[in-house]
Structure formats: structure tokens, C-alpha cells
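Take a look at the structure set out below.
The values are calculated or read from the model by the stated rules, or taken from the named source; none is laboratory data. Nothing here was measured: the structure is a model prediction, and the numbers come from that model. Glycine gets a Cβ as well: all are built from the backbone with ideal geometry, and neighbour counts include every protein chain shown. Note: accessible area is taken over every heavy atom of the protein model, side chains too, but ligands, DNA and RNA are not part of it. Shrake-Rupley method; radii C 1.70, N 1.55, O 1.52, S 1.80 Å.
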Amino acid sequence: LLPQLEAGALDLLIARVWQPQELAGIDQMALFSEPVVVVAGRDHQLAQEAAVKWADVANFPWILPKPNSVARQAVDALFAANGLSTPTNTVSSLSLALNTELLRAMPVLGLLPQRLAQTQAGRGELVTLPLDTHDLLSEVRCFWRTDQIAQNVALVLFLKCLEQATQDIKTIPFS
């Protein structure tokens, strides 16, 4: 979607990013960040295990970001920090909706933002595995073209509303 924003086909983009970076001609606002956790479907073999180690999950299929993406580099580093190679039996996806459905339907493991994992666990759909993800964070940011601020009154108003909502959300505790 970023190319569409740069081309002017979109006025605004709200996206989850793994490693924020400056973009020429694009302004951005961090909305919130949260830890990423390891999850499994409620019927997964590891779902009822009280003590799970990284070595226990290495040979299971995983849902991971696309190879060579910024998100995948962060995940590869997470596996390396735990003395493991990145699994090769994977489904590549960045779609949270698709990933959640795959986790419910298949014996795969995945990574989800903590709040989404907590919501799904509360519904009895997924289980968060007790693995340390070494402060791996997912951040939600808003992006817009720098040159649009002077011309787009609706964009300016929306950004002010979004900034206020972001301040409100920061007062909500994680757990």
C-alpha cells in the first residue's frame, strides 16, 4: 500500500510495522506498540504444556512473514537468539485475519501482537505459549504524504482525532 500512498492514490495509511524507518516525502505518527507473542491453536499439541522451550517448537510448522521482509529479519533474529535456525516448514503471511484462522484450523505456530493473542485466548480459540520473545515489538503507525497537510483539511482533522485517540489508548493497561 505504501506505493499507492506515495503515488497519491491514498491519503493516509495505517499499518503495522516491525522496524520503523524514515521515508522521504512521508510523515508518520506512532500510534502504539506492543509485544509479539508465540501462539498456537487450542487443539495444538503444545497448547496444554506448562513448560515450553524454544527447542520444543523448532520442528513444528510456523506461520511467518515473507522471506527477506523486514518483519522476517526480526523473526529470524529471534530464532537465532534462541540458538535455532528459522523453521523451513512455513506458511508466509502478514495477514492477521488469515494467520488467526490458520492457527485455529491447522497444527501450526505463529506470532501475533499480544492484545490480539489475549483476545483470541479469551475466546478459547488460541493459546499463548510461555516463550520469551526478547522484546520483539510490533508497532502501528499512521503514514501520510508531507505535501498533503497544506491541501487536505479532512486529513488534518483526522490526524488530530487520531492523535487524541492515541493518547487515550496509551492510558489503557496491557493486561
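To the nearest 0.05, how large is the calculated FRET efficiency for residue 104 and residue 150 if R₀ is 45 Å and r is the Cβ-Cβ distance? Provide the component values of the computation, followed by the final result.
Numbers: r = 47 Å, r/R0 = 1.04.
Here the calculated transfer efficiency is 0.45.
Per the Debye calculation on the stretch 86-164 with a single equal scatterer at every Cα and no solvent contribution, log₁₀ I(q)/I(0) for q = 0.13, 0.26 Å⁻¹ amounts to -0.62, -1.34.
Estimated at 0.36 nm per residue, the fully extended path between residue 22 and residue 121 surpasses their Cα-Cα distance by 32.2 nm.
Pair-distance distribution P(r) for the stretch 72-119, from all Cα-Cα distances in 10 Å bins starting at 0: 22, 52, 26, 0 percent. Largest GNM mean-square fluctuation among 127, 75, 52, using the chain with Cα springs under 10 Å: 52. Here the label points at residue 50 and residue 160, each 7 Å from Cα along the C-beta direction, are separated by 5.6 nm in the simple model.
Springs between Cα atoms under 10 Å define the GNM used for the chain, and in it the highest mean-square fluctuation of 122, 110, 25 occurs at 25.
Taking R0 as 45 Å, what's the FRET efficiency between residue 7 and residue 132 from their Cβ-Cβ distance, rounded to 0.05? Don't jump to the answer; show the numbers that get you there.
Values: r = 41 Å, r/R0 = 0.92.
Plugging the Cβ-Cβ distance into 1/(1 + (r/R0)^6) gives 0.65.
What the chain shows is 56 Å² of accessible area per residue, with the surface traced by a 1.4 Å probe over protein heavy atoms. When the stretch 67-162 is described by a simple charge dipole with +1 on each Lys and Arg Cβ and -1 on each Asp and Glu Cβ, the residue from 144, 120, 78 located farthest towards its positive end is 144.
Say we join alpha carbon atoms closer than 10 Å with springs in a Gaussian network model of the chain; which of 123, 72, 16 then has the biggest fluctuation? Among 123, 72, 16, the largest mean-square fluctuation in the Gaussian network model of the chain belongs to 123. The Cα atoms of the stretch 1-71 cover 49, 24, 20 Å along the three principal axes, with the biggest extent listed first. Please work out the FRET efficiency for the pair residue 15 and residue 81, using the Cβ-Cβ distance as r and a Förster radius of 25 Å; give the result to the nearest 0.05. My answer for the efficiency is 0.45.
Can you give me the C-alpha center-to-center distance between the stretch 143-162 and the stretch 88-105, rounded to a whole angstrom? The stretch 143-162 and the stretch 88-105 have Cα centres spaced 34 Å from each other.
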